[in-house]
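What follows is one structure encoded as structure tokens, with my remarks underneath.
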Amino acid sequence: MKQIAILGSTGSIGTQTLDIVRENSDIHVCALSAGKNVELMEKQIREFSPELVSMSTPEAAEDLRNRVRDINVKIVSGMEGLIEVATIEKSEILVTGIVGMIGIRPTIEAIKCGKKIALANKETLVTAGHIIMPLLKEYNTDILPVDSEHSAIFQSLQGSPRSRLSKIILTASGGPFRGKNKADLASMRAKDALKHPNWSMGQKVTIDSASLVNKGLEVMEAHWLFDVAIDDIQVLIHPQSILHSAVEYVDGAVIGQMGAPDMKLPIEYALFYPDRRPLSCGKKMNFYDIPSLTFERPDMDTFEGLALALQAGKRGGSLPTVFNAANELAVKLFLEDRISFLQIYDLIRSSMEHHKVIDMPGVDDILAAEAETYEYIKALL
């Protein structure tokens, strides 16, 4: 029986991971964590019988305890609770489905316990890749990417020596605003940005897709995951989201992974790698229904999030943390209709220009840079 723990079980990645669990009787969820969605967590406890659950606040944890008094489950909260879920002795794999830098400490502690990491929390590598990658070697464990693009790259690298890799081709749908100019973007609101043409994702990731910030974060993540220079990662707009990403080898061969736009395939591949299992709850692709596949250059003049991300990734140090933190707060403000879409870029750029870069930040430095960025933006507004 394969034992797994999930950080963010009530979110998009978490709920889809549980769909995979439902299909496979030889996998058990021993620990779960969530934010404040007590109602859904109660349902998950009753269905999957974890022995440990963490909620983000003591109040949510207490509410949950009252709801599941008839069940033998330990309920904890806060960062200590997240770390307890991440390091529970029984689990083999930790699925990191939470959004934001809150995932860094639990991931580090899980690695120190020898857990494999099914990584969907891209901020962990974006801000702390220089810490995470050496730790994996030290504790002899692995990251198995869950993002569809990084899973596609990982799959495309199977059976070929990494030394023969020439570049990574990272695809992007272009999001709901593909083809628009800055004048168009000036009037866009959250309800417009949340209408993604292909993918069903959480609000934060969907907004990041509209701004191309998400693709910038994925470039930085790929840089660490596959030990490839930022300049050797090519972003390619692919509106159909059928080619999930590809790699080019030194002889010019391009190998990619194709499939319907569905996160369940990369989640299942991470959980059972190197095996492949039947997936009845996922979408299958029918080539007869696809009239064409098209590819475009990204418009980085209009969608500045990608250009700013490349700048942060090349400089490194604490600057990717500032990029990420500024975007996190800007997206929150945008969802609350307190800033315009284009102001997301303004706040990221201004925060990066204001920050004094630390070349090799520790975890405390990373979290301090995040806090500093939040304070700077709040003062700015």
Considering only segment 169-199, state which residues are in a loop (DSSP other than H, G, I, E, B), within 21 Å of the chain's Cα centre (by Cα) and farther than 21 Å from N327 by Cβ. P197, N198
Suppose we filter T127, T87 for residues that are under 16 Å from the mean Cα position of the chain (by Cα) and polar (S, T, N, Q); which single one remains? T127
Qualifying residue in segment 36-43 (condition: part of a loop (DSSP other than H, G, I, E, B) and either touching a residue at least 12 places away in the same chain (Cβ under 8 Å) or of a type in the set (A, V, I, L, M) (or both)): yes
Out of everything in segment 64-91 that is assigned to a loop (DSSP other than H, G, I, E, B) and in contact (Cβ under 8 Å) with a residue 60 or more places away in the chain, what residue ends up being surrounded by the fewest Cβ atoms within 10 Å (Cβ to Cβ)? K90
If I ask for residues that are of a type outside the set (A, V, I, L, M, F, W, C), part of a strand (DSSP E or B) and touching a helix residue (DSSP H, G or I) at 6+ places or on another chain (Cβ under 9 Å), which ones from segment 232-264 would you list? H244, S245, Y249, G256, Q257
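Among the helices (runs of 4 or more DSSP H) confined wholly to segment 96-168, which include 3 or more residues that are free of Cβ contacts under 8 Å to residues at least 12 places away in the same chain and out of contact with any helix residue (DSSP H, G or I) (no Cβ under 7 Å at 6 or more places or on another chain)?
Where helices (runs of 4 or more DSSP H) fall fully within segment 96-168 and carry at least 3 residues being free of Cβ contacts under 8 Å to residues at least 12 places away in the same chain and out of contact with any helix residue (DSSP H, G or I) (no Cβ under 7 Å at 6 or more places or on another chain), they are 123-138.
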So H244, is it over 14 Å from the mean Cα position of the chain (by Cα), within 17 Å of A120 (Cα to Cα), crowded, with 19+ Cβ neighbours inside 10 Å and not hydroxyl-bearing (S, T, Y): yes
Can you give me the number of residues within segment 169-186 that are of a type outside the set (A, V, I, L, M) and in contact (Cβ under 8 Å) with a residue 60 or more places away in the chain? 8
Quick check, is P197 loosely packed, with under 15 Cβ neighbours inside 10 Å, in contact with a Pro (Cβ under 9 Å, 6 or more places away or on another chain) and at pLDDT below 95? yes
Which pairs do you get when a residue that is surrounded by 19 or more Cβ atoms within 10 Å (Cβ to Cβ), found in segment 13-24, comes within reach of a residue that is assigned to a helix (DSSP H, G or I) and β-branched (V, I, T), reach meaning Cβ atoms under 9 angstrom, with the pair 6+ apart or on two chains? I13/I267; Q16/I267; T17/I267; I20/I267
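Go through the residues of segment 281-288 one by one and say whether even a single one is touching a residue at least 60 places away in the same chain (Cβ under 8 Å) and surrounded by fewer than 18 Cβ atoms within 10 Å (Cβ to Cβ). Lay out the reasoning, then the answer.
Looking only at segment 281-288, we keep the residues that are touching a residue at least 60 places away in the same chain (Cβ under 8 Å), and these are 281.
Going one step further and asking which of them are surrounded by fewer than 18 Cβ atoms within 10 Å (Cβ to Cβ), we end up with 281.
Yes.
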Is it true that some residue in segment 92-109 is buried (at least 20 other Cβ atoms within 10 Å of the Cβ), among the basic types (K, R) and over 18 Å from A222 (Cα atoms)? no
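The values are calculated or read from the model by the stated rules, or taken from the named source; none is laboratory data. Owing to the predicted nature of the structure, the values given are computational and were not obtained by experimental measurement. So basically every Cβ, Gly included, is an ideal-geometry build from the backbone, and we count neighbours across all protein chains shown.
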